[in-house]
Structures are given as C-alpha cells and as structure tokens.
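Novice: Before I ask anything, let me first share the structure, which is written out below as structure tokens.
The values are calculated or read from the model by the stated rules, or taken from the named source; none is laboratory data. None of the values given here were measured: they were computed from a predicted structure. Protein only, heavy atoms only, side chains kept; ligands, DNA and RNA dropped before computing areas. Shrake-Rupley method; radii C 1.70, N 1.55, O 1.52, S 1.80 Å.
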Amino acid sequence: MKIRGQVLVLLLFVLFIAEGTILPWLLPDSWHSRMVPNLVYVVILFVSVYYSRHIALVLGIVFGLIHDVVYYGFIIGPYSFAMGLSVYLLGLVFTARRAPMPIMMAVVLIGSFLLDSMLFAIDQLFQLNHQTFDWALAQYMIPDLFIHFLFALIIYVPVRKQLQRLGTRVKKEEAV
C-alpha cells in the first residue's frame with residue numbers, strides 16, 4: 001500500500017473536509033438539521049469489500065474518531081466504534097473481490113442503516129436522544145440512505161477500479 005494507499009487516505013481526508021464545507025451548500029436548508037451524510041464512510045465500505053476489511057477497520061476507527069472530535073463532541077467514540085465495527089462486519093459478510101454493483105449498493109444501504117442504528121442506540125443508551133426509532137428513521141436515517149446510495153452510484157466505477165488495482169499490486173509485491 002504505497003502510493004495508491006496514500007492517495008486513498010488523502011481522498012478520505014478531502015471527503016471529510018468536503019462533508020463540512022461544500023456539502024452544506026449543496027443540501028437544501030431544510031435538510032441541514034435532519035441529516036449528516038457521511039461520505040467517508042461510503043468510501044471505507046468500498047475499501048472493506050474490494051480491498052481488506054482489516055484496513056477498513058483501521059480507517060473506520062481513525063476517521064470515526066476524527067468525526068467524533070470535529071462534529072459530534074458529546075462523547076468521544078460513538079462514530080469510531082460504529083464505523084469500525086460496521087465496516088468490519090460488512091467486509092466479513094461480503095468478501096467478494098469482484099462484487100457486482102447491486103451487491104455493493106446493498107452493502108452501502110445495509111452499512112448506512114447499520115451505522116445510523118448503532119449511533120441511535122448509543123445515544124439512547126447514554127440518554128442523549130429522547131426520540132423514538134420511528135422518528136429517527138423518518139427524519140434522518142432514510143434521507144442519509146438516499147444520499148449515501150447516490151454518492152455510491154457516482155463513485156462506484158473509479159473507486160472499485162483503484163481498489164482492485166491496489167489489491168493486485170499488493171498481491172504481486174507479496175509474491176516476489
């Protein structure tokens with residue numbers, strides 16, 4: 001994981017910055033309080049399926065911790081825990097290196113729902129959220145699913161190709 005791996009981490013940092021700077025301009029004002037699209041998480045899901053669930057676990061924990069510090073603030077760790085665990089579990093279940101588009105889109109939808117559900121459960125556990133699950137599902141989980149799905153459709157081909165090249169390059173280096 002030499003140059004392409006460094007480019008992947010740089011891409012994740014750029015997406016993280018875009019989530020807080022550019023994305024609020026693109027979303028309608030009425031959606032700002034209802035949803036927080038996590039574009040970095042979608043790319044980490046791609047890493048989990050097409051490259052390595054272990055690398056995705058580390059990326060999920062690191063970028064989740066950054067997300068906790070920058071955006072969340074109430075507790076340090078919910079995003080880190082939820083992102084790391086969910087990408088690892090989905091990478092464990094969907095281990096196909098050449099997963100077709102419908103399977104990857106299902107992974108994105110399942111992963112987005114799993115992340116939001118885990119965060120909701122953690123908020124309920126520590127009594128930070130006093131809403132019902134039905135309210136959360138309608139207000140921010142389904143809109144997040146929609147945004148994550150659209151973003152995954154847009155980046156599917158370029159990210160899959162780069163991750164598959166990264167995987168074949170690592171295997172060639174290990175064989176030598």
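Novice: List the DSSP H helices in the chain whose Cα atoms stretch 30 Å or more along the helix axis and whose mean Kyte-Doolittle hydropathy is at least -1.0.
Specialist: Both cut-offs are met by 101-125, 142-175.
Novice: Under 10 Å, Cα contacts only: if you run a Gaussian network model on the chain, which one of Val93, Val62, Val159 comes out with the highest mean-square fluctuation?
Specialist: Comparing Val93, Val62, Val159 in the GNM, the peak value goes to Val93.
Novice: Additional query: With a 1.4 Å probe and every protein chain left in place, tell me how much accessible area Ser30 has, in Å² to the nearest 10.
Specialist: 80
Novice: Tell me the label only: which of (i) 48, 34, 29; (ii) 56, 38, 28; (iii) 56, 31, 28 is Cα extents along the principal axes in Å as calculated from this structure?
Specialist: Of the listed options (i) 48, 34, 29; (ii) 56, 38, 28; (iii) 56, 31, 28, (iii) comes from this structure.
Novice: Explain nothing, just the number: relative contact order of the stretch 39-163, from Cα pairs under 8 Å at least 6 residues apart, as a whole percent.
Specialist: 30
Novice: Which of Leu12, Leu26, Leu137 ends up with the largest GNM mean-square fluctuation for the chain, with Cα atoms connected below 10 Å?
Specialist: Among Leu12, Leu26, Leu137, the largest mean-square fluctuation in the Gaussian network model of the chain belongs to Leu26.
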